[in-house]
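The values are calculated or read from the model by the stated rules, or taken from the named source; none is laboratory data. Only a predicted model underlies this, so the values are computations on that prediction, with no experimental measurement involved. Heads up, the Cβs are rebuilt from the backbone with ideal geometry, glycines too, and the neighbour counts pull from every protein chain shown.
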Amino acid sequence: MSKPLLSLFVFALLLAPAAARAQDYRDSTATEKEKIPDAPRPWKDRIWFGGGLGLSFGSVTNIAIEPMVGYKITKNGKLSAGVGISYQYFRDNRGTYGYETSIYGGRLFTRYRIIEQLFAHVEYNQLSFELPDYYQARLYRRWVPFLLVGGGYSARLGGNTYLTAMVLFDVIQDAYSPYSSGEPWISAGVGFGF
């Protein structure tokens, strides 16, 4: 993706919450009685929590924790935006020398519910990886950006609890990304209030 196109995409992503907020206001031609604002929504109706937890033990140990919090921008809850953090501990004992590392970072995201079960998702993510420097035979840490675009499915488990699954594609394809280019990011997790 070219830099001007990427800049336009990020600009549109940042304007989406403002445009959605504008939809909450009533028509300016309404009568004075109709212009009375609705009672504010309580925080518990505007905030939702989610994320994922991954555990794998054995010759390869992988522990991932990814909490997130979202804010419902529109009253109907279709558009939301939020933040999240990621931490992953990885250890591989299969080779002659064991390999152990931590991956961490954060994300900003926007979601739009198309229907009750399906949603579109856009996320800007930065993760700090230890990458190999083959010339100096060492590892060094580098922040790698990702712009993930895709969608997901949410199934109500009961009450305000949902099971979610997402398929996202990285459109930046940074040269330092340790992930194979073009492969989707597939994740599943639990959400509360989404």
Check: Restricting attention to the stretch 55-71, which residues are part of a loop (DSSP other than H, G, I, E, B) and not polar (S, T, N, Q)?
Finding: Phe57, Gly58
Notebook entry, point to check: Which of (1) within 27 Å of Lys72 (Cβ to Cβ); (2) in contact with a Phe, Trp or Tyr (Cβ under 8 Å, 6 or more places away or on another chain) is the odd one out, the single condition Glu100 does not satisfy?
Noted result: (1)
Next item on the list: Please list, ordered by first then second residue, the pairs with beta carbon atoms under 9 Å, 6 or more apart or interchain, first in the stretch 175-187 and modelled with pLDDT of 80 or more and in a strand (DSSP E or B), second surrounded by 10 or more Cβ atoms within 10 Å (Cβ to Cβ) and small (Gly, Ala, Ser).
Entry: Trp185/Gly150; Ile186/Ala165; Ser187/Gly52; Ser187/Gly54; Ser187/Gly152; Ser187/Ala165
Notebook entry, point to check: Of all the residues that make up the stretch 76-95, how many are outside any strand (DSSP E or B) and farther than 18 Å from Arg111 by Cα?
Noted result: 3
Next item on the list: Run Lys44 past the list (1) exposed (fewer than 14 other Cβ atoms within 10 Å of the Cβ); (2) closer than 22 Å to Asn160 by Cβ; (3) free of Cβ contacts under 8 Å to residues at least 40 places away in the same chain and report the number of the one that doesn't hold.
Entry: (3)
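Conditions (1) in a strand (DSSP E or B); (2) closer than 16 Å to Gly189 by Cα; (3) touching a helix residue (DSSP H, G or I) at 6+ places or on another chain (Cβ under 6 Å), marked per residue:
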| position | (1), (2), (3) |
| --- | --- |
| Arg41 | no, no, no |
| Phe49 | yes, yes, no |
| Thr74 | no, no, yes |
| Ile115 | no, no, no |
| Asn125 | yes, no, no |
